[in-house]
Amino acid sequence: MKPAVFDYFTARTVYEAVDALSNAKDAKVLAGGQSLLLEMHLKRLSPDVVVDINQIPELGGMEVQDGVLRVGPLVRHRVFENPRAVPGPLGELFARAVVNIAHPPVRNRGTMAGSFGWAHPASEWCALAVALDTDIELTGPGGIRQVGACDFFTGSFRTVRQPHEVITSLRWPLLSGDTGVGFIEHRRTHFCFAQVAVGATLDISDGMIEGARIGLVNCADRPVRARAAEEVLAGVEAGEVPAGYKLPKGHPFARAGRIAADQDASPIAEPYADIEYRRHAIATVVARTLCQAAADQRSRTDAEKGNWSITDG
Ligand SMILES: Cc1cc2nc3c(=O)[nH]c(=O)nc-3n(C[C@H](O)[C@H](O)[C@H](O)COP(=O)(O)OP(=O)(O)OC[C@H]3O[C@@H](n4cnc5c(N)ncnc54)[C@H](O)[C@@H]3O)c2cc1C
């Protein structure tokens, strides 16, 4: 199908982009185009103006300042496939998550910020952002404002971004050097979006869990931070990570998985997954992701001591 007729505008500055968005009845920002153009072809979206931001030099690139990674809205998904693109465990977490996004041609063009503009409940980046307290910077006619990820998403494909605002950066707090990270995705086929995916970080000291962060992908109408599950893990002994992640009954990770599924998630029935199945999948994927994060944390501390081990059981 062909999209409806629209005007195309190439912005050269953020100011020009904001101006063009403010002066149109229904304008859309064009970043990588991997979601927008598809929706236009399917005629689910018919903007009168498309504002291309790809020629705005200051919107590219990444930098770290005061322990915060700033990602410009033109940074493509594929950049994060290299775990060293971003310092420390955050780079490892991004690398584990990004390979689940579509396939290489989509990752070559699609942008991390575009995922926030699109706000699909199955977006890997958006769930990591709510777990890690990422800030989204929005620039509009009135200036710049920052919104925390937990306040940014208001529903399926809905955010607090106003139509004339451009996402001008994403600010991710870096993780400390010995934080363990995990990301596991479950989907029906390789080409499907996640049925359930989970990103998690664990801080463990002397065998005790000091803190956990858990983000749930496609477990509600928006990305979810599994706070109830995080709470049951705080101050608890992590225990051994069993081979194959087969957890004994009562293991704290299994308990956290159950709580995430029953208390944090609000899964929606889908043609291939009813609510009962989805809750079971959430509990399992949360528990396994925590195992992966614990194994990652163990291998980091071992490496510091000059030892080496395989991270995945
Ligand atoms: C086959 C296929 C499979 C996919 N699988 C996945 C998947 O598994 N997981 C996943 O997360 N995504 C998936 N995607 C979507 C992909 O990740 C897109 O790249 C992403 O959703 C949007 O990024 P984009 O840069 O292409 O944005 P665009 O398509 O250009 O824009 C998407 C929306 O965000 C808005 N927008 C973009 N940038 C900004 C900005 N800076 N400021 C304000 N608004 C902005 C646009 O106006 C538009 O409404 C898939 C896409 C395809 C085609």
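Observations
- Between the listed residues Ala273, Gly142, Thr201, the Cα displaced farthest toward the positive end of the dipole of the chain, a dipole computed from Cβ unit charges relative to the Cα centre, is found at Ala273.
- For the stretch 240-313 versus the stretch 135-181, the gap between their alpha-carbon centres in whole angstrom: 27 Å
- By the equivalent-ellipsoid construction on the alpha carbon gyration tensor, the stretch 7-52 comes out with semi-axes of 19, 12, 7 Å, ordered largest to smallest.
- Under-19-angstrom lysine pairs by C-alpha in the chain, whenever the two are 8 or more apart or on separate chains: 4
- Cα lying deepest toward the dipole's positive end in the stretch 20-125, options Pro83, Leu36, Leu59, charges on Cβ: Leu36
- DSSP bridge pairs, the stretch 11-132: antiparallel proportion in percent, nearest 5: 55 percent
- Angle between the chain longest axis and helix 275-304 axis [Cα atoms, degrees, rounded to 10]: 70 degrees
- In the stretch 107-224, the C-alpha radius of gyration followed by the widest Cα-Cα span (Dmax) gives 15.3, 51 angstrom.
- Spin-label model, Thr13 to Leu42: label points 7 Å out along the Cα-to-beta-carbon direction sit 3.8 nm apart.
- Lys2 accessible area, 1.4 Å probe, all protein chains in place, Å² to nearest 10: 150 Å²
- Both radii come from the Cα set of the stretch 221-260: Rg as radius of gyration, Rh as Kirkwood radius; their ratio Rg/Rh reads 1.02.
- Across all Cα atoms of the stretch 234-313, the radius of gyration (one decimal) and Dmax (whole number) stand at 14.9, 50 Å.
- Remark: accessible surface ordering of Phe9, Phe153 (largest first) is Phe9, Phe153, probe radius 1.4 Å.
- Test item: Cα-centred dipole of the stretch 180-303, Lys/Arg +1 and Asp/Glu -1 on Cβ, debye: 300 debye
- Over the chain - Rg/Rh using Cα atoms and the Kirkwood inverse-distance radius: 0.99
- Share of alpha-carbon pairs per 5 Å distance bin for the stretch 59-173, given as whole %: 2, 12, 23, 28, 20, 11, 3, 0
- Principal-axis analysis of the Cα atoms of the chain puts helix 88-98 at an angle of about 70° to the longest axis.
- When the chain is treated as a Gaussian network with alpha carbon springs shorter than 10 Å, the biggest mean-square fluctuation among Pro223, Pro121, Pro163 belongs to Pro163.
- Of the whole protein surface, Met1 contributes about 150 Å² of accessible area at a 1.4 Å probe radius.
- Shape metrics for the stretch 180-303, restricted to C-alpha atoms - Rg then Dmax, Å: 13.9, 45
- Most fluctuating residue given options Ile101, Ile214, Ile56, as computed from a GNM of the chain linking Cα atoms under 10 Å: Ile56
- Residue-averaged 222 nm ellipticity for the chain, from DSSP H runs of 4+ at -39500 (n - 2.57), nearest 500: -9000 deg cm²/dmol
- Inter-probe distance in nm under a simple model that places probes 7 Å from Cα toward Cβ, at Asp133 and Thr301: 2.3 nm
- The Cβ shell under 13 Å around Leu21 holds other residues with a net charge of -4, Lys and Arg each +1, Asp and Glu each -1.
- Computed log10 I(q)/I(0) for the stretch 106-174 at 0.17, 0.22 Å⁻¹: -0.56, -0.94, from the Debye equation with unit scatterers placed on every C-alpha and solvent omitted.
- Residue-count net charge about Asp7 - beta-carbon cut-off 15 Å; Lys, Arg +1, Asp, Glu -1: -3
- Ordered from highest to lowest accessible area with the whole protein assembly present and a 1.4 Å probe, Tyr245, Tyr8 read as Tyr8, Tyr245.
- Computed from the Cα positions only, the extents of the stretch 1-92 along the three principal axes stand at 46, 30, 16 Å, in decreasing order.
- Placing Asp48, Asp206 in order of accessible area, with the largest value first and a 1.4 Å probe, yields Asp206, Asp48.
The values are calculated or read from the model by the stated rules, or taken from the named source; none is laboratory data. This structure is a prediction, so every number in the text was calculated from the model and none was measured. So basically every Cβ, Gly included, is an ideal-geometry build from the backbone, and we count neighbours across all protein chains shown. Just the protein is used for accessible areas: all its heavy atoms, side chains included, with ligands, DNA and RNA removed. Shrake-Rupley method; radii C 1.70, N 1.55, O 1.52, S 1.80 Å.
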